Amino acid sequence: MVAPEVRKVARETAGRLVVAKVNTEDVPSLGYRYHVSAIPTMTLFQNGIEVARQAGAMPAPRIRQFIEQHT
């Protein structure tokens, strides 16, 4: 459900941002490391440091707004 929206944002921000989607069922250690307790969870990092987090599905415009608010 969220994957197509994430792909839209990834295409629009190519060359400016790195957008990654991780399946925490496939890589549970990563979900544990970053304390992911809800699926989906959007986490924004700058220079390797988490600067924002939002749980719940969002359409592409809301994902862009989330990024813009915290960069």
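The values are calculated or read from the model by the stated rules, or taken from the named source; none is laboratory data. If you're wondering where the values come from, they're calculated on a predicted model, not measured in any experiment. Please note: Cβ atoms are built from the backbone with ideal geometry, for glycine as well, and neighbour counts cover all protein chains shown. Note: accessible area is taken over every heavy atom of the protein model, side chains too, but ligands, DNA and RNA are not part of it. Shrake-Rupley method; radii C 1.70, N 1.55, O 1.52, S 1.80 Å.
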*asked:* Looking at the stretch 8-25, can you tell me whether even one residue there is among the small types (Gly, Ala, Ser) and within 12 Å of the chain's Cα centre (by Cα)?
replied: yes
*Take the residues of the stretch 15-36 that are in contact (Cβ under 8 Å) with a residue 12 or more places away in the chain and farther than 19 Å from Met1 by Cβ: which is surrounded by the most Cβ atoms within 10 Å (Cβ to Cβ)?*
Tyr34
_If the requirement is being touching a Pro at 6+ places or on another chain (Cβ under 7 Å), among the acidic types (Asp, Glu) and on the phi < 0 side of the Ramachandran plot, which of these qualifies: Glu12, Glu5?_
Glu5
*Quick one: what pairs do we get from the stretch 54-71, first residue under 16 Å from Arg11 (Cβ atoms), second open to solvent by 60 Å² or more (accessible area, probe 1.4 Å) and part of a helix (DSSP H, G or I), C-beta under 6 Å, 6+ apart or different chains?*
Ala60/Lys8
*Filter the stretch 37-65 for residues that are open to solvent by 50 Å² or more (accessible area, probe 1.4 Å), in a loop (DSSP other than H, G, I, E, B) and not small (Gly, Ala, Ser) and give the result.*
Ile39, Asn47, Pro59
